[in-house]
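Since the structure comes first, as structure tokens, the remarks are kept for the end.
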């Protein structure tokens, strides 16, 4: 009997990560689901094949320990880096602590988790590293510059890493979703504030959060299916743009180029 495939996920307490755990479990995988407070989780651990582990991706020592423990329990076929959160507001007002924390969680954390898994993948001659970036790793929006720095960084890191890992049978991929109907704008969002930018920020936020945009946003379950397809399609494709809104933004950038896109985004977020 063939052993079930296995996946290690970060950021699984809510939203996309939570939906992905349920989907991989439903399809017969062994799932190691990590989160900062597994003691508060009472549903995911009851799903078939799911094991919960405590992990804060901001803690390098914890990453090393949890990955070593996990690999001692059995091989992992897929690493799905999903932990992350947004930072919104004027850059001028961002504290050094906010900047460092956001870049640590969204950029350094996934890099460190991947680095811990690569030796085992390389020795087995197989493995997939999938990282949730965002359409914000391919196009920009106002008042999210630090978040874009992390997500653009993840896209560049992943693409470059794919060159060196391909000879060892390891595929590197990114998942770039648009808006997901979760609590990302609440629990998973940090903010900065500066009076000089207040009016512009209110205008941009009002347009971004316009309920009419919900029609183009995806459910967490829909994005989880794209993630599942990405790690099982057996191709060398790197980036998977997920969601109607994400695809629209990306097409706009491709068609208009940088200057044209920025002009159009300015119109969309601030008006004519």
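No lab work stands behind these numbers, since they all come straight from the coordinates. Just so it is clear, the structure is predicted and the values come from calculations on it, not from any experiment. Ideal geometry is used to build each Cβ from the backbone, glycine not excepted, and the neighbour counts take in all protein chains shown.
Structure above, values below:
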{"item": "Fully extended contour minus Cα-Cα distance, from residue 247 to residue 43, at 0.36 nm per residue", "result": "70.1 nm"}
{"item": "Spin-label pair residue 270/residue 168, simplified geometry with 7 Å Cα→Cβ offset, distance in nm", "result": "4.6 nm"}
{"item": "Exposure proxy order (Cβ contacts within 10 Å, fewest to most) of 25, 259, 162", "result": "259, 162, 25"}
{"item": "Nitroxide proxy distance, nm - points 7 Å out along Cα→Cβ at residue 51 and residue 126", "result": "1.9 nm"}
{"item": "At R0 = 35 Å, FRET efficiency that the Cβ-Cβ distance of residue 207 and residue 36 yields, to 0.05", "result": "0.60"}
{"item": "Cα-derived Rg to Rh of the range 191-233, Kirkwood definition", "result": "1.26"}
{"item": "Per-selection Rg to Rh, the range 6-270 - Cα, Kirkwood hydrodynamic radius", "result": "0.97"}
{"item": "Net lengthening on full extension, residue 189/residue 97 (0.36 nm per residue, minus Cα-Cα)", "result": "31.6 nm"}
{"item": "Choice from 167, 177, 38 showing the highest fluctuation, given a GNM over the chain with Cα pairs closer than 10 Å", "result": "167"}
{"item": "Average Cα contact separation per residue, the chain, under 8 Å, 6 or more apart, as relative contact order %", "result": "19 percent"}
{"item": "Per-bin percent of Cα-Cα distances, the range 55-104 [5 Å]", "result": "4, 15, 20, 20, 13, 10, 8, 6, 3, 1"}
{"item": "Alpha-carbon centroid distance for the pair the range 203-242 / the range 80-138, whole angstrom", "result": "17 Å"}
{"item": "Nitroxide proxy distance, nm - points 7 Å out along Cα→Cβ at residue 221 and residue 263", "result": "4.3 nm"}
{"item": "172, 88 arranged by Cβ crowding within 10 Å, fewest neighbours leading", "result": "88, 172"}
{"item": "Relative contact order, percent, the range 1-116 [alpha-carbon distance under 8 Å, six or more residues apart]", "result": "28 percent"}
{"item": "Order of 58, 245 under a 10 Å beta carbon neighbour criterion, fewest first", "result": "58, 245"}
{"item": "Tail beyond 14 Å, pair distance distribution of the range 15-110 (Cα, percent)", "result": "71 percent"}
{"item": "Percent RCO, i.e. relative contact order, over the range 124-272, from Cα pairs under 8 Å lying at least 6 residues apart", "result": "31 percent"}
